[in-house]
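Chemist: Questions regarding the structure given below will be posed in turn.
A short reminder: the numbers here are calculations on the coordinates, not readings from a lab. Please read these numbers as outputs of a predicted model, since none were measured by experiment. Note that each Cβ is placed from the backbone with ideal geometry, even for glycine, and that neighbours are counted across all protein chains shown.
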There are 2 protein chains.
Amino acid sequence: MISKDILLEAEAVLKEYKRGEQLFKEGDTPRYYYQVYSGEIKMNNHNDDGKEYIQGIFDSGKSFGEPPLFADFKYPANAEAITDARIWLLPKDKFLKVLEKNPLIHHKFTSTLALRLYYKAMMVSEISTQEPEHRILRILDYFKKNNQNTTTASSLYKIELTRQQLADLTGLRVETVIRAVKKLEQKGELLIKDRKIYR
Amino acid sequence: MISKDILLEAEAVLKEYKRGEQLFKEGDTPRYYYQVYSGEIKMNNHNDDGKEYIQGIFDSGKSFGEPPLFADFKYPANAEAITDARIWLLPKDKFLKVLEKNPLIHHKFTSTLALRLYYKAMMVSEISTQEPEHRILRILDYFKKNNQNTTTASSLYKIELTRQQLADLTGLRVETVIRAVKKLEQKGELLIKDRKIYR
DNA sequence: TTCAGTTTATGACCTTGATCATAAAGAAAA
DNA sequence: TTTTCTTTATGATCAAGGTCATAAACTGAA
């Protein structure tokens, strides 16, 4: 995340996207650094018959799509607005200059990449070896740990994801997620209130 | 990858490991930067009933296990010697100092992380949405692209992986890989000579 | 307050890749 | 040059999760 003043100084612009609009697609050449000002963005892939895999969901303050700026490759996934959103766009060369001038910011990005790698290593291992309930608990715990408002000291965390999103994040089908979530509720591993999942 | 003279200057030591020996395991606190001098190392996870997932295989010149040094988390996977190996070990703090003093090296690592993220994004999407033959071709092409000796201009690349390793990299079973590989040979997508796969 | 769209829910059936068993070919070690 | 271990191979069976169909609950816009 780059602070507003540095973004402005580097001449970043705030662009609006409508719900469902695509920011870039798999295979595109990366030209900008993207940082969410408001709204939610997802990065995803589709296989030939349309099945979706969600690589990540990014909200206020989060950046996305930087990796190819560091290593010079095409986008491996699409970016799409989940809700109406406003996004900071900073051209690639200006972004790299900001990093050069600010070693601390550079270090922050390296650390962000490391954390994303952790998430992906976890997910790919879960998806390739674990069964539905295990996968779901894992991702719920991950979201809880990383999005838990530290002020909200409640031990119960509300999952702000639909069953479909949960499915597309874990490589499962909606029906499977629905059934697994119910099973997990019976086992006391989570709570369902007003159709929302709490963990 | 850090050059030999910088490694020596930072007082890195060369440690020997026997085939099958473990360098560190999931959950351990990271203390060193690791770089392969000779031999091969794999990073992997096991689920409760022993099924393995291989996160990556690293040979001469490659480093591994750095992400947790940048963002301060425990190892998400084990590291194990596939063959007898000699590995450079550099204590975490000395490694970070090397990066501070050498922005170019720091940038190189950021770029390495970005590339690994690309690999993982590709694999997790493949594993969660694509069928066996597709997954296998994808990883074969990835290895071909990234390990192809540029001098060996031959368009045929020899895969130096067993069917079992291919299975553990793609979340499949050996039998499935064997059958899929044969199917792919029939379709002319690859070649089998002396049990080795060429693509 | 009706209507369209989204999300959750549930049952029946099916398909793919896992599992299990067994064996042969190669490679490595004794 | 046997013996042991690893790797590849192949058939039979099974089960988990996908697929399909249908519907109810909820949301939000007209």
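Chemist: What FRET efficiency would be calculated for the residue pair B:Ser155, A:Ser155, taking the C-beta separation as r and a Förster radius of 45 Å, to the nearest 0.05?
Modeler: Between B:Ser155 and A:Ser155 the formula returns 0.15.
Chemist: Next up: Output, in nm with one decimal and in ascending order, the distances from the B:Asn146 label point to the matching label points of the other copies (7 Å from Cα along Cα-to-Cβ).
Modeler: 2.0
Chemist: Once label points are set 7 Å from the Cα along Cα→Cβ at both A:Lys74 and A:Glu26, what is their separation, rounded to one decimal in nm?
Modeler: Rounded to a tenth, the inter-label distance reads 1.1 nm.
Chemist: Another question, if that's okay. Hey, rough spin-label estimate for B:Lys15 and A:Lys183, points 7 angstrom out along Cα→Cβ, what's it come to in nanometres?
Modeler: The two pseudo-label positions are separated by 4.1 nm.
Chemist: I'd like the FRET efficiency for B:Lys196 and A:His134, computed as 1/(1 + (r/R0)^6) with the beta carbon distance as r and R0 of 51 Å, rounded to 0.05.
Modeler: 0.90
Chemist: Hey, another quick one. Straight distance only, please: which aspartates and glutamates reach the Cα of B:Lys158 with their own Cα at less than 20 Å, same-chain residues fewer than 8 apart left out?
Modeler: Answer for B:Lys158, where 20 Å is the Cα cut-off: B:Glu40, B:Asp59, B:Glu133, B:Asp141, B:Asp168, B:Glu185, B:Glu189, B:Asp194, listed by chain and number.
Chemist: Using modelled amide H (1.01 Å from N, peptide plane; none on Pro or chain starts), what sits under 5 Å from the amide H of B:Tyr157, excluding residues fewer than 5 places away?
Modeler: HN-HN under 5 Å from B:Tyr157: B:Arg199.
Chemist: Okay, moving on. Which pairs in the list A:Lys4/A:Lys196; A:Lys42/A:Lys144; A:Lys15/A:Lys62 are over 24 Å apart, alpha-carbon to alpha-carbon? Mind showing how you got there, number by number?
Modeler: Numbers: A:Lys4/A:Lys196 34 Å; A:Lys42/A:Lys144 18 Å; A:Lys15/A:Lys62 15 Å.
Table pairs above 24 Å Cα-Cα are A:Lys4/A:Lys196.
Chemist: Distances from A:Ala71 to the same residue in each other copy, label points 7 Å out along Cα→Cβ, in nm, shortest first?
Modeler: So the label point of A:Ala71 gives 1.4 nm to the other copies.
Chemist: Apply the Karplus parameterisation 6.51 cos²θ - 1.76 cosθ + 1.60, with θ equal to phi minus 60°, to every residue of segment A:3-17 and state each ³J(HN,Hα) to the nearest whole Hz, in sequence, with x for glycine and proline.
Modeler: These are the phi-based 3J(HN,Hα) values: 5, 4, 5, 5, 4, 5, 4, 7, 6, 6, 10, 9, 10, 9, 10 Hz.
Chemist: Which of the DSSP-defined H helices in chain B satisfy a minimum axial length of 15 Å, computed from C-alpha atoms, and a minimum mean Kyte-Doolittle hydropathy of 0.0?
Modeler: Helices meeting the span and hydropathy rule in chain B are B:103-129.
Chemist: Taking the number of other C-beta atoms within 10 Å as the exposure measure, put A:Ile105, A:Ile87 in order starting with the fewest.
Modeler: So the ranking, lowest neighbour count to highest, is A:Ile105, A:Ile87.
Chemist: Separate question: When a footprinting reagent is the concern and you count Cβ atoms within 10 Å, what order do B:Met123, B:Met1, B:Met43 take, fewest first?
Modeler: B:Met1, B:Met43, B:Met123
Chemist: Quick check on chain B: helices-only [θ] at 222 nm, where DSSP H runs of length 4 and up contribute -39,500 (n - 2.57) each and the sum goes over total residues. Nearest 500, please.
Modeler: Per the formula, -13500 deg cm²/dmol.
Chemist: Going by how many other Cβ atoms sit within 10 Å of their own, how do A:Lys145, A:Lys158, A:Lys42 line up, fewest first?
Modeler: A:Lys145, A:Lys158, A:Lys42
Chemist: If you don't mind, there's one more thing I want to ask. Note the per residue figure in Å³ for the convex hull of the C-alpha positions in segment B:1-62.
Modeler: Cα convex hull per residue, to the nearest whole number: 92 Å³.
Chemist: One decimal, nm, shortest first: give the distances between the label point of B:Lys108 and those of the same position in the other copies, each label point 7 Å from Cα along Cα→Cβ.
Modeler: Those separations, rounded to one decimal, come out as 2.7 nm.
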